[in-house]
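Reading through the structure tokens given below for one structure.
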Amino acid sequence: DAKTTQPNSMESNEEEPVHLPCNHSTISGTDYIHWYRQLPSQGPEYVIHGLTSNVNNRMASLAIAEDRKSSTLILHRATLRDAAVYYCILYMDSNYQLIWGAGTKLIIKP
Amino acid sequence: GAGVSQSPSNKVTEKGKDVELRCDPISGHTALYWYRQSLGQGLEFLIYFQGNSAPDKSGLPSDRFSAERTGGSVSTLTIQRTQQEDSAVYLCASSRDYSNQPQHFGDGTRLSIL
């Protein structure tokens, strides 16, 4: 069973920031939060992951709530190439598995 | 560098036939994962390998599914006596090891059972 909850879809304008929310109220202390994205007809692509502190990389930023029950993926300046399905996933350290939900389809309007 | 390679990219076969799906992971990656994705859905975990061994086979849907990995590299997912409900995209991923490392995915094999 998926342990994350995301909106089915979101729209954003090109060159504006995008905030993609994720709820994971049943997260355990050792579960990492991962984000992947998937373009049509391609395999998923790793975006970012974190445990407790906010994380930044060249693709995005990850903001994690203090109680870790939610997180937000931030794309600082969306482009048309960012249109994809974004998955918020918990990595279960106990069995080395990523538990995938249905994701959020991000639509970028020019 | 070379990414994860899967073959064939598409496979159409008749119900009841056996199929083999191949995955070439990134060189040096010790962990390898198989997933299944139905249309419009998220990924369903099937099995993972640490080197050549598969500690967790609990995700395999039935005993018609099996997987092996030889030489710590190439992996094959075999589906025997295929059924229509086996139609899906089968994705392979590899990571540096089996801990909390990013997984690198191939583009999958689209399997269609007639």
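The values are calculated or read from the model by the stated rules, or taken from the named source; none is laboratory data. Quick caveat: nothing in here was measured; it's all calculated off a predicted structure. Glycine also receives a Cβ, built like all others from the backbone with ideal geometry; neighbour counts cover every protein chain displayed.
Quick check on region B:69-87: of everything there that is over 16 Å from B:Val12 (Cβ atoms) and in contact (Cβ under 8 Å) with a residue 60 or more places away in the chain, which residue is farthest from the chain's Cα centre (by Cα)?
Step by step, filter region B:69-87, then rank; the result is B:Arg81.
Any residue that is under 26 Å from B:Gly16 (Cα atoms), outside any loop (DSSP other than H, G, I, E, B) and not small (Gly, Ala, Ser) - is there at least one of those in region B:91-105?
Checking region B:91-105: at least one residue is under 26 Å from B:Gly16 (Cα atoms), outside any loop (DSSP other than H, G, I, E, B) and not small (Gly, Ala, Ser).
For region B:37-55, enumerate the residues that are surrounded by 13 or more Cβ atoms within 10 Å (Cβ to Cβ) and within 11 Å of chain A (Cβ to nearest Cβ).
Selection gives B:Gln37, B:Gln41, B:Gly42, B:Leu43, B:Glu44, B:Phe45, B:Leu46, B:Ile47, B:Tyr48, B:Phe49, B:Gln50.
Sort out which residues of region B:1-36 are surrounded by fewer than 18 Cβ atoms within 10 Å (Cβ to Cβ), part of a strand (DSSP E or B), of a type in the set (Ser, Thr, Tyr) and within 14 Å of chain A (Cβ to nearest Cβ), and write them in order of number.
B:Ser5, B:Ser7
Give the residues of region B:37-81 that are outside any strand (DSSP E or B) and basic (Lys, Arg), sorted by residue number.
Matches in region B:37-81: B:Lys57, B:Arg64, B:Arg81.
Give the residue that is farthest from the other protein chains (Cβ to nearest Cβ), with candidates limited to residues of region A:54-110 that are of a type in the set (A, V, I, L, M, F, W, C) and part of a loop (DSSP other than H, G, I, E, B).
The qualifying residue farthest from the other protein chains (Cβ to nearest Cβ) is A:Ala78.
The rows are residues; the columns are (1) closer than 28 Å to B:Ser99 by Cα; (2) outside any loop (DSSP other than H, G, I, E, B); (3) of a type in the set (Val, Ile, Thr); (4) away from every other protein chain (no Cβ under 14 Å).
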site: A:Lys3; (1), (2), (3), (4): yes, no, no, no
site: A:Thr26; (1), (2), (3), (4): yes, no, yes, yes
site: A:His34; (1), (2), (3), (4): yes, yes, no, no
site: A:Tyr46; (1), (2), (3), (4): yes, yes, no, no
site: A:His49; (1), (2), (3), (4): yes, yes, no, no
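Search region A:64-110 for residues being in contact with a strand residue (DSSP E or B) (Cβ under 8 Å, 6 or more places away or on another chain), surrounded by fewer than 17 Cβ atoms within 10 Å (Cβ to Cβ) and without any contact (Cβ under 8 Å) to a residue 40 or more places away in the chain, and hand back the single one that is farthest from A:Asp31 (Cα to Cα).
Taking the candidates together, the pick is A:Ala65.
For residues in region B:67-83 being of a type outside the set (A, V, I, L, M) and at pLDDT 95 or above, which is surrounded by the most Cβ atoms within 10 Å (Cβ to Cβ)?
The extreme case among them is B:Ser75.
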